[in-house]
């Protein structure tokens with residue numbers, strides 16, 4: 001999927017969101033390592049949880065440079081969005097939005113009408129703006145405050 005960033009973006013450029021295959025696996029894991037392990041201090045065994053083989057993943061590239069990731073797994077009757085990460089220098093440019101929209105479109109194509117996720121407290125406003133609602137009380141994951149959130153998907157996620 002190709003997405004052009006909006007004109008309101010202070011750093012215009014083309015963002016491409018593509019499904020991760022073997023060729024992009026290193027970039028995908030590298031971004032997760034930089035954001036979650038190095039920047040946020042998540043222990044490596046928690047971040048690299050061995051579930052990538054059962055997940056579908058996406059990589060966002062800006063001018064060919066890998067800048068963001070997301071993955072999704074089927075959990076019961078829902079799709080669970082996980083490991084949504086954008087490199088610090090590329091945040092607040094709409095990249096997370098494009099990753100989530102690609103994930104939601106894929107979930108809808110799979111016949112699933114609900115996406116769930118565990119949002120870091122600092123990202124709740126981002127997910128609320130995308131139509132997610134808080135669906136559980138606060139909890140800690142890897143020492144970081146989180147909230148469960150849910151979004152019902154319609155024909156145009």
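Results for (1) surrounded by fewer than 17 Cβ atoms within 10 Å (Cβ to Cβ); (2) under 23 Å from residue 127 (Cα atoms); (3) within 14 Å of the chain's Cα centre (by Cα), shown as yes or no for each residue.
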position: 24; (1), (2), (3): no, no, no
position: 49; (1), (2), (3): yes, no, no
position: 75; (1), (2), (3): yes, yes, no
position: 82; (1), (2), (3): no, yes, yes
position: 86; (1), (2), (3): no, yes, yes
position: 95; (1), (2), (3): no, yes, yes
**Prompt:** Does residue 136 fit the bill of being exposed (fewer than 14 other Cβ atoms within 10 Å of the Cβ) and either over 16 Å from residue 71 (Cα atoms) or modelled with pLDDT of 95 or more (or both)?
**Reply:** yes
**Item:** Considering residues of the range 101-133 that are in contact with a helix residue (DSSP H, G or I) (Cβ under 9 Å, 6 or more places away or on another chain) and in a helix (DSSP H, G or I) only, the residue surrounded by the most Cβ atoms within 10 Å (Cβ to Cβ)
**Value:** 127
**Prompt:** When residue 55 is evaluated against the numbered criteria (1) surrounded by fewer than 21 Cβ atoms within 10 Å (Cβ to Cβ); (2) at pLDDT 95 or above, which criterion, by number, is the only one it fails?
**Reply:** (2)
**Item:** the range 121-130, residues that are within 20 Å of residue 75 (Cα to Cα) and modelled with pLDDT under 95
**Value:** none
**Members of the range 147-157 found to be modelled with pLDDT of 95 or more and buried (at least 16 other Cβ atoms within 10 Å of the Cβ), listed by number** = 147, 148, 149, 150, 151
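The values are calculated or read from the model by the stated rules, or taken from the named source; none is laboratory data. Since we're looking at a predicted model, the values are computed, not measured. Cβ atoms come from the backbone with ideal geometry, glycine included; neighbour counts cover every protein chain shown.
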